1. What FRET efficiency comes out for A95 versus R3 if R0 is 30 angstrom and r is the Cβ-Cβ distance? Round to the nearest 0.05.
2. For Y377, what accessible surface area do you get with a 1.4 Å probe? Give it in Å², rounded to 10.
3. In the full protein assembly as shown, how much of S161 is accessible to a 1.4 Å probe, in Å² to the nearest 10?
4. Just to be sure I understand the model, the point goes 7 Å from the Cα along the line to the Cβ. What's the resulting D47 to A467 distance in nm?
5. Taking θ as phi - 60°, what are the ³J(HN,Hα) couplings along the stretch 19-26 by the Karplus curve (6.51, -1.76, 1.60), each to the nearest whole Hz, with x for Gly and Pro?
6. Pop a pseudo-label 7 angstrom from the Cα along the beta-carbon direction at both Q18 and Y167 and give the gap in nm to one decimal.
7. Can you give the calculated 222 nm mean residue ellipticity of the chain, where each DSSP H run of n ≥ 4 adds -39,500 (n - 2.57) and the sum is split over every residue, rounded to the nearest 500 deg cm²/dmol?
8. Along the Cα→Cβ direction, 7 angstrom out, place labels at A326 and R275. What is the inter-label distance in nm?
Amino acid sequence: MFRCNNCGGNLVFDIRGQRLHCLYCDSHYRVDTYREEGADERTDLSDDEYEVTVYTCTQCGAEITSADNAAVGFCTYCGTEALLESRVAREKRPAKIIPFTRTKESVAESYGELVKKQPYVPKEFQDPAFIERFRGIYIPYWEYKVGFTGNPHVEVHENYSKGNYSYHREYEGDAMLSGTEYSLYGDASRSFDDEIAHQIAPYKQKGMRDFAPGYLAGFFADTADVDPQVYEAESLHRGEEKAVKGILRNYRKDSATVKNLPSREEKRTELFGTRSGGFSAAMFPVWFLTWRRGKRVAYGVVNGQTGEVCADIPIDTKKFFLISLAISAVCFLLMELLNVLILPGTMLSYSLLALLLTQTFFLKEVKAIRAREKHEYDAGFFEREKAEKVLAKNRSRLGGGCLTALLWTIALFALVLVWMMDDPREGAFIMAVFTFAVGVFYFIRSLIVCFGLKEKQMLLGSLLPFAAQAAAVLLTAGAPPEDWIYYGCAIGALGAAFVTALLMILEYNLLTTRGLPDFHDRKGGVSYVDNP
């Protein structure tokens with residue numbers, strides 16, 4: 001489609017020169033002024049359209065487009081190595097585009113350096129031929145303009161320390177928001193996962209250009225299949241968040257807060273005079289790499305403007321177990337040489353604490369696996385109504401970090417009490433009761449989550465720790481004098497912890513890979529990314 005006006009050869013967009021470059025006669029053209037010979041004779045395209053070839057994957061239904069007659073040997077999203085179905089179509093021109101500024105060579109080098117830092121990475125990830133498969137794709141985004149007409153009266157409080165003194169300061173005044181306008185963006189492709197969009201964000205607005213089809217020469221583009229109306233409420237909310245940050249910009253970073261803002265969004269919108277300035281389409285550059293094994297895929301995605309990397313890197317389980325076995329053997333020999341002696345009650349207390357720690361990580365992992373399987377953070381996967389609910393839920397999500405921190409604070413306090421007791425057996429019983437009480441909470445939570453997973457063997461990781469904790473309470477009740485009871489309970493707790501940890505390791509790749517996508521019913525929702 002893009003032909004040299006001198007020799008008729010193929011033109012591609014040269015990232016370094018930011019111009020169209022002829023591969024045959026080495027001619028260069030400015031993208032914004034380039035017109036192919038004979039273009040004026042085309043009467044079938046309107047001013048807001050351009051012609052593309054649409055490639056559809058017969059396996060997962062993903063669609064990508066090309067402004068050239070490119071040969072596509074594999075699907076970007078599911079990794080299927082087969083020729084995709086193609087058709088010629090007309091696409092509506094987006095208003096803006098951010099051209100690629102990062103070359104394939106620099107992206108491959110950055111990704112290779114990241115992979116080298118991973119100790120258990122599969123060997124394919126270090127193969128230069130694999131890394132060479134990076135593909136440049138433009139992802140469609142919706143751009144929203146959010147403006148303000150109000151100048152709200154605000155109260156700002158600062159709290160900070162300097163030297164041996166703590167300071168508290170209060171300010172009052174009118175925030176001059178009237179006339180302020182922000183641009184906010186969300187990817188308009190259901191195929192492009194929200195998690196990835198957030199991790200490679202933000203794009204720099206100063207790199208924005210008026211759209212011209214020439215920027216697509218030599219690259220591909222994803223298709224827009226997200227209802228832009230889904231963004232309206234979310235863009236207003238994000239715009240108000242940016243407005244608050246703007247108000248606090250002249251105060252001490254991370255120490256100032258606006259105290260008199262309404263908690264209800266409707267009141268805040270009225271106070272700020274928040275207004276939507278409409279939306280328009282844009283395209284942002286992404287380098288995309290796909291790894292597939294069986295029914296799982298892993299993505300390496302790089303921001304084509306800033307170089308920010310998002311990488312799914314699974315582990316080689318054989319390599320992991322060999323290295324772990326070697327480390328365990330060394331630790332065992334050191335303990336034998338140092339003649340480490342631990343009393344039965346103390347050993348049980350340590351073992352129960354280790355089991356509790358394993359439960360904590362197990363619950364965190366299964367929740368993350370469920371979130372990925374159910375697309376709990378990927379609003380763009382759903383239709384409009386469901387997408388809005390996902391966005392609202394993600395805004396109000398507080399996370400379980402506070403509760404986990406509280407439980408572990410109590411656990412450490414209990415351990416201190418055990419150390420202070422004269423009889424380690426009584427201390428072990430107290431630790432058994434405490435860990436069992438917390439274990440009930442972990443057991444119920446993880447059981448509910450595991451029933452919603454495809455991998456049902458994870459249920460074993462919920463049951464074993466709870467059974468070991470219950471057995472420890474029953475067997476140590478009354479502080480029996482027999483040492484074998486405490487050693488037996490300790491071995492049971494460590495065994496349960498080992499099996500649970502083993503399940504976590506075996507299923508770890510569920511977190512670092514993704515199930516084969518299915519986009520045959522392309523009814524997307526929305527993902528959301530701020531742009532500074």
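1. Values: r = 26 Å, r/R0 = 0.86.
About 0.70, to the nearest 0.05.
2. Solvent-accessible area, nearest 10 Å²: 100 Å².
3. For S161, solvent-accessible area is about 90 Å².
4. 7.4
5. My calculation for the stretch 19-26 gives 9, 7, 10, 7, 6, 10, 9, 6 Hz in order.
6. So the label points at Q18 and Y167 sit 4.2 nm apart.
7. Numbers: 13 runs with 208 residues, N = 532.
Calculated at 222 nm, the ellipticity per residue is -13000 deg cm²/dmol.
8. Placing both labels 7 Å beyond Cα along the Cβ direction yields 6.7 nm.
The values are calculated or read from the model by the stated rules, or taken from the named source; none is laboratory data. Treat the numbers as computed from the prediction; the structure is a model and nothing was measured. Note: ideal-geometry Cβ built from the backbone for every residue, glycine included; neighbour counts use all protein chains shown. The area values use the complete protein model at the heavy-atom level, side chains included, leaving out ligands, DNA and RNA. Shrake-Rupley method; radii C 1.70, N 1.55, O 1.52, S 1.80 Å.
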